[in-house]
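Encoded as structure tokens, the structure appears first; notes follow it.
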Amino acid sequence: MKSQTKVNLRVAGPTPLPPAVLKAESQQVISHRVPQYETLQKRIIANLRPFFGTKKYEIFLLTSSGTGGLEAAIVNCLSPKDKVLAVTCGVFGDRFAQIATAFGAQVIKVEFPLGQPANPQVVAQKLKENFDIQAILLTHNETSTAVTNNLESLVSEIRKVSKGNPPLILVDAISSLGAVKLKVDQLALDIVVTASQKAWMAPPGIAMISVSKKAWEKINRAKMPCFYWDFKKAKKYADKNQTPWTPAVSALFGLDSALKAMIKEGPTRVFKRHQEIGAYTRRGLKSLGLKLFANEKFASNTITAFRVPPGFEAKKWQEILAQKYGLILSGGQGPLKGKILRLAHMGYVLKKDIDQALEALRKSLKDQKIK
Ligand SMILES: *Cc1c(COP(=O)(O)O)cnc(C)c1O
């Protein structure tokens, strides 16, 4: 057998698992209808709270990827024909809008240029022109362009123009939560979605989702078809620390282990570490002469996108990085396919992983085969 290069998995998710998480997820499975499971679920929810920044709202565990969490948000909160404002600056903002459209919402899109954040004043203006908007869809961290939106200013502008009848605010925080500070209670965000395989150092399979008190008024009246995702059922079971359907127990073992480590480190330090590794990655890439894609004022601390230099073939570059150096990067999506590569630095990532990635990029930049 050929000797294997150590893999440096730096894609936008799944992200690598620490040894303790690997061990935890390989335990024998348990029944999800016994006290042992209830203790597990209760502890996971309690440990998620400081990262969500919520003491008050329900947090549900859904067995699905992040997209399932976004669909759950839509179908639980909305009725067909509801007017929805979808704020998008990339592929994932577009996806949230597509889900709403698929279930019959009347979607108004506000789009911002790729690499740029959403402009709060423009969003507020759209809202002013459409007083009957029922919900606003926001992306916290647009993983496809490596831009982090300023949720505080977005929410503050939204509230300013919608005093009497504020729309629900539904947030895709799939690739930011657990790494970037977010104050769900303070911003009164109605729905916030994240997923285990991004910044949480956990295996894929679990979407975690918070639900505000105000969201429940809508949930109780919402008419979109929904069965598996039904929050009313989820609540009934969450009250006894269970889920309505069989959860991905092994993934939950992994998530539980990861959360214990995150709590031990403390949210403030986890957030600071991501800030530092984000800045370190951007500096390193620039020092190789690579051009960052996102507006640097809004650069994400969980992922960095850089342009493929002129004359270079993105796909070939990715292949060489993988085969020769064990470095696995994400490519560009949609209109950015072939134009950028993306290097994730969320969850279980050390400076030496970034150094190794930068070294691989440095060496490969000299490789003529990429041209
Ligand atoms: C990864 C990601 C998704 C999709 O999550 P899946 O788990 O692949 O379904 C959605 N939104 C954002 C911002 C993401 O980073």
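Bear in mind these aren't lab numbers, they're just calculated from the coordinates by the rules spelled out. Only a predicted model underlies this, so the values are computations on that prediction, with no experimental measurement involved. As a convention, Cβ positions derive from the backbone with ideal geometry for all residues, glycine included, and neighbour counts pool all protein chains shown.
Here the ratio of the Cα radius of gyration of the range 210-320 to 2.2 N^0.38 Å is 1.64. Taking the Cα atoms of the chain, the ratio Rg/Rh between the radius of gyration and the Kirkwood radius comes to 0.98. Using equal-weight Cα scatterers in the Debye expression, the normalised intensity of the range 189-259 in log10 at q = 0.13 Å⁻¹ is -0.44. A Stokes-Einstein calculation at 4 °C with viscosity 1.567 mPa s, built on the Kirkwood radius of the range 145-233 over Cα pairs, returns a diffusion coefficient of 89 µm²/s. Pairs exceeding 28 Å between alpha-carbon atoms, taken from Lys42/Lys218; Lys163/Lys297; Lys163/Lys272; Lys291/Lys324; Lys83/Lys291; Lys181/Lys366: Lys163/Lys297; Lys163/Lys272; Lys83/Lys291; Lys181/Lys366. Ordering 131-142, 330-341 by mean Cβ neighbour count within 10 Å, with the highest value first, yields 131-142, 330-341. Backbone phi angles across the range 155-172, fed through the Karplus curve with coefficients 6.51, -1.76 and 1.60 (θ = phi - 60°), yield HN-Hα couplings of 5, 5, 5, 4, 5, 4, 8, 10, 4, x, 10, x, x, 5, 10, 10, 10, 7 Hz in residue order; Gly and Pro are listed as x.
Per-residue Cβ neighbour counts within 10 Å put Arg273, Arg362 in the sequence Arg362, Arg273, beginning with the fewest. Charged side chains reduced to their Cβ positions (Lys and Arg at +1, Asp and Glu at -1) give the chain a dipole of some 620 debye around its Cα centre.
Within the same chain, aspartates and glutamates fewer than 8 places from Lys315 are excluded, and of the rest, those with a Cα less than 18 Å from its Cα are Asp367. Considering only Leu341, Ile74, Gly254, the residue lying farthest towards the positive end of the dipole of the chain is Leu341, judged by Cα position with unit charges set on Cβ. About the centre of its Cα atoms, the range 192-336 shows a dipole size close to 440 debye [charges on the beta carbon of Lys, Arg (+1) and Asp, Glu (-1) only; nearest 20 debye]. Summing +1 for each Lys or Arg and -1 for each Asp or Glu among the other residues whose beta-carbon sits under 12 angstrom from that of Lys352 gives -1. The Cα atoms of the range 21-98 cover 44, 28, 24 Å along the three principal axes, with the biggest extent listed first.
Put simply, the Cα atoms of the range 39-179 extend 48, 32, 28 Å along their principal axes, the longest span coming first.
Taking θ as phi - 60° and the Karplus parameters 6.51, -1.76 and 1.60, the scalar couplings of the range 235-246 work out to 5, 4, 7, 4, 4, 10, 6, 9, 10, x, 10, 4 Hz in sequence order, x denoting glycine and proline. When +1 charges are put on Lys and Arg Cβ atoms and -1 charges on Asp and Glu Cβ atoms, the dipole computed for the range 1-69 relative to its Cα centre reaches about 200 debye.
Peptides 85-96, 216-227 ranked from most to least packed give 85-96, 216-227, packing being the mean of other C-beta atoms within 10 angstrom over each peptide's residues. Extent of the range 127-191 along its three principal axes (Cα atoms, max minus min coordinate, largest first): 34, 24, 17 Å.
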